[in-house]
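K.L.:
Take this structure first; my questions come after.
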Amino acid sequence: MSSFFTYAFFSAFLAFWWIAAFKNPNAHEPKVNLSVSVNKSNNLPFEIQNLSLFPDREFLRKALLGDISLISKLIVEWDINADLLINEGYSNIKRLDRQLFLRSQRIVRLLESNERGFEAKATLENNAPIIDDRGFPHDLSILRQKFFPQTYMAASILLSLVEPENISALPKGMKAQSHIYASEQLDAIHLEFDRFTSESLAINFPDIAFVSKQYSNPTCVDILSHLGIEIFYTPDILSFEDIKKAIQNIGYLVGKPLKAELLTIFIDAALQNCDNCLEIRKSLSPLEKTLVTNYYTHFSLPGKQSLTYSILSRLRLNNKLGEGHHPFFHRNGYTAPLSEEEIVFFNPDRLIILGDLNASLEACLLSKDSLRGVSAIQSKQVSFIPEDVQWTPSQFLVLAYYDLAKALCD
């Protein structure tokens, strides 16, 4: 027994000696710090030009043609930009209501996953018929697959909602506008309709035709009626709200209510983004006294029945200047005449001219002796904007708003 205790004692002693010999008396057990030091101050550099507030115009045009992924990308980007601007203390910044923003993203995901099934379900869930501008109801339970837009407005909307093979014909002259619409879409629709091509339309018979009391030729409407085609009268377009209503109604009738709703949400988001760009511009320096005028052989102001007037009202431009001094401005027409003497009297600091212009005509206008004393011309604060989209009563009116807002910010 004594030998066992002696053996155990020496074994424990040797073990303790080895531990003591190799242990660093100054060593401490390492402490692992899992927290990361982050500077949470607001001193991070913020450059307003890095936000890309104005998207590329071509991106905007493609989105308005119904590019779902691009619509989603721009809506998200603009919402983030608005958040950053608000965080930096900018006031009057606009953004989509949170529920509307989330709904837009849900629609995008539905359309990208199973467009046909969800669109059909959304159409049938709306039990009420769609009432046209004459007060006639149109049943949504009817399946319509072929469509004829007799106006540019209806054609613009249909090109963004349905495939070209679902469009029987385009209104005469629309194929010339490939700078607005996709050439491959226009080329895929062979027939351009006028009163001499009714037989061809009868062969490629549409389920419904979209016409307008304001824009449609009565003879063409009579031909459509004689052929027995269902006719839907779209409303007159005087504002962005009218455009959105027309898009939604047409969307239901062609079985694309979700895509139509997404397009209307995108219109709101695009306009708000332009408004935010103007707010940033105003925060840097006050907007100059601005005059927006048409030019077609002579100058004129946009009248109250024009879409440009609706744009200027939202931009809060030109109206006070025109209404305060111009005796014809209250006329309820499309334009009000404006003389060169009146432009000199207004003496704007910035002049924006809308028209079907070219470089030589622009140079001629700038060199007019009668206008040389105008501040905008002396300081070279003159912008020329093509008028084509300014007169387009469709979703592409967003491009018109974009062009004017960008001219003010440049």
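K.L.:
Hey, can you find the accessible area per residue of the range 131-191 for me, probe 1.4 Å, expressed in square angstrom?
P.N.:
Working: 2610 Å² over 61 residues.
Accessible area per residue, the range 131-191: 43 Å².
K.L.:
Considering only protein heavy atoms and a 1.4 Å probe, what is the carbon-and-sulfur percentage of the accessible area of the range 48-155?
P.N.:
On the way: 3100 of 5990 Å².
Whole-percent figure for carbon plus sulfur exposure: 52.
K.L.:
Let me ask another. Give the Debye-formula value of log10 I(q)/I(0) at each listed q (0.13, 0.28 Å⁻¹), with one equal scatterer per alpha carbon of the range 269-321, two decimals each.
P.N.:
Cα-only, vacuum Debye calculation for the range 269-321: -0.39, -1.15.
K.L.:
What percentages, rounded to whole numbers, describe P(r) for the range 81-135 computed over all alpha carbon pairs with 10 Å bin width beginning at zero?
P.N.:
19, 26, 26, 20, 9
K.L.:
Here is a follow-up. Along the principal axes of its C-alpha atoms, what lengths does the range 112-224 span, in descending order and rounded to whole Å?
P.N.:
Between the extreme Cα coordinates on each principal axis of the range 112-224 lie 39, 34, 26 Å.
K.L.:
Now a separate question. Cross-chain or 8 or more residues apart, Cα under 30 Å: how many lysine pairs in the range 179-286 fit that? Count them up, please.
P.N.:
Qualifying lysine pairs in the range 179-286: 9.
K.L.:
What trypsin sites (Lys or Arg not before Pro) in the range 158-230 are in a loop by DSSP, with at most 12 other Cβ atoms within 10 Å of the Cβ?
P.N.:
The qualifying sites are Arg195.
K.L.:
Turning to a different aspect of this structure: Show me the ranking of peptides 57-66, 302-311 by mean Cβ neighbours inside 10 Å, starting with the highest. Write down the numbers at each step before the final one.
P.N.:
Working: 57-66: 18.3, 302-311: 21.7.
With the highest mean Cβ count within 10 Å placed first, the list reads 302-311, 57-66.
The values are calculated or read from the model by the stated rules, or taken from the named source; none is laboratory data. Please read these numbers as outputs of a predicted model, since none were measured by experiment. Positions of Cβ are generated from backbone atoms using ideal geometry, with glycine treated the same way; all protein chains shown enter the neighbour counts. Ligands, DNA and RNA are stripped out before the accessible areas are found, and what is left, the full protein with its side chains, is counted by its heavy atoms. Shrake-Rupley method; radii C 1.70, N 1.55, O 1.52, S 1.80 Å.
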